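Reading through the structure tokens given below for one structure.
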Amino acid sequence: MSDAPAKPVLLTGASGNLGRMLTKALSALGWTLRLTDITPFPDAIPAGAAFTRADLNDGVTILRLAEGCGAIIHLGGISNEQPFETIIGPNIRGLFHIYEAARREKARVVFASSNHTIGFHERTETIGADAQFLPDGFYGLSKAYGELMGRMYWYKHGVESVFLRIGSCFPEPIDARMLASWLSYPDLARLVVRCVLARDVQTSVVWGASDNSRMTWWRDDGRETVGWTPQDSADPYAGQLAGRVSGDPVQERYMGGGFCGMGYSRDEPAPAPFKPA
Ligand SMILES: NC(=O)c1ccc[n+]([C@@H]2O[C@H](COP(=O)([O-])OP(=O)(O)OC[C@H]3O[C@@H](n4cnc5c(N)ncnc54)[C@H](O)[C@@H]3O)[C@@H](O)[C@H]2O)c1
């Protein structure tokens, strides 16, 4: 059993796939959780947890929910590519409410960012966490904005953040891309525990992928700072999934995969990403 944080932890997006998994994992460690989501919580509420149904657009309720919390694990919001007007409320205004709450409570934010912040980097590249943002849609753009908001709150208000650039977090990998980008549920749970308990994180970025030998894309992040090493691997799935590719040259060229192809309207292939001198 790991140490439990001294103060309650607010977990948004609790009713989603990762929220439900983390609720179970963190409750089993004895953590006191405040769960919230716009959708009712579908499971039994574990001991030490309370659920409040709320919209991230409702800043007053978010402030109230965060009262007394030492950390906010922020998973709530739109989690796939959608029109700009659908994304802006939950993912931009909602995020502002989370950071205002964190500022008031002097709480740390663990933000579920995404590989789609850098989706238009090519799969032949190896990039560090300081690579330029190349979002592959409005969703990825909202996550990049979220990371920038976190940096602003650190420099201006001392709010610490860990930005988890999650690859593909599912019970199992299901296609060839995920042989690189897959993050197992237990690896995510261990990562989130470290992000909350680590001493000083300032603003750290961690690539959210398991120990997959095909993950040649992402390097140089804050995993040492938070004290996390992935333990699982997609490698055992390689035999069954290596041939499961989309056949779409845009999807297969870029790290963001299918999100890059959604609504793509260039006639000619894009030039390689501009690299500042
Ligand atoms: N699963 C992955 O592979 C992956 C990859 C990259 C990033 N992420 C991020 O991790 C987080 C969790 O992912 P997930 O797979 O569990 O997604 P999910 O869609 O299952 O969960 C998101 C939750 O946010 C809630 N939500 C949406 N709008 C809301 C609003 N206005 N107010 C309050 N709650 C609202 C939804 O009801 C849902 O329960 C998301 O932020 C997602 O962008 C996930």
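Quick rundown of the values:
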{"read-out": "Computed [θ] at 222 nm, helices only, for the chain once each DSSP H run of length n ≥ 4 contributes -39500 (n - 2.57)", "value": "-9000 deg cm²/dmol"}
{"read-out": "Compactness of the stretch 151-218, expressed as Rg and Dmax over alpha-carbon positions, Å", "value": "13.9, 42"}
{"read-out": "Listed residues R165, R266, R103, most fluctuating in the chain (Gaussian network, C-alpha, under 10 Å)", "value": "R266"}
{"read-out": "Whole-percent pair-distance distribution, where bins are 10 Å wide, for the alpha carbons of the stretch 15-127", "value": "13, 42, 32, 11, 2"}
{"read-out": "Beta bridges by DSSP in the stretch 115-250, antiparallel share as percent, to the nearest 5", "value": "0"}
{"read-out": "Order by protection proxy (mean Cβ within 10 Å, highest first), peptides 124-135, 106-117", "value": "106-117, 124-135"}
{"read-out": "Compactness of the stretch 197-245, expressed as Rg and Dmax over alpha-carbon positions, Å", "value": "13.8, 43"}
{"read-out": "Hydrodynamic radius of the stretch 9-261 per Kirkwood, over alpha carbon pairs, in Å", "value": "18.2"}
{"read-out": "Fewest-first sequence of W182, W31 by Cβ atoms within 10 Å of each Cβ", "value": "W31, W182"}
{"read-out": "The stretch 23-87 - Kirkwood radius from inverse mean 1/r over Cα pairs (Å)", "value": "13.3"}
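Rule-based calculations on the coordinates, nothing more; no lab input. Computed from a predicted structure; not experimentally measured. When we count neighbours, we look across all protein chains shown, and the Cβ atoms used for this are built from the backbone with ideal geometry, even at glycine.
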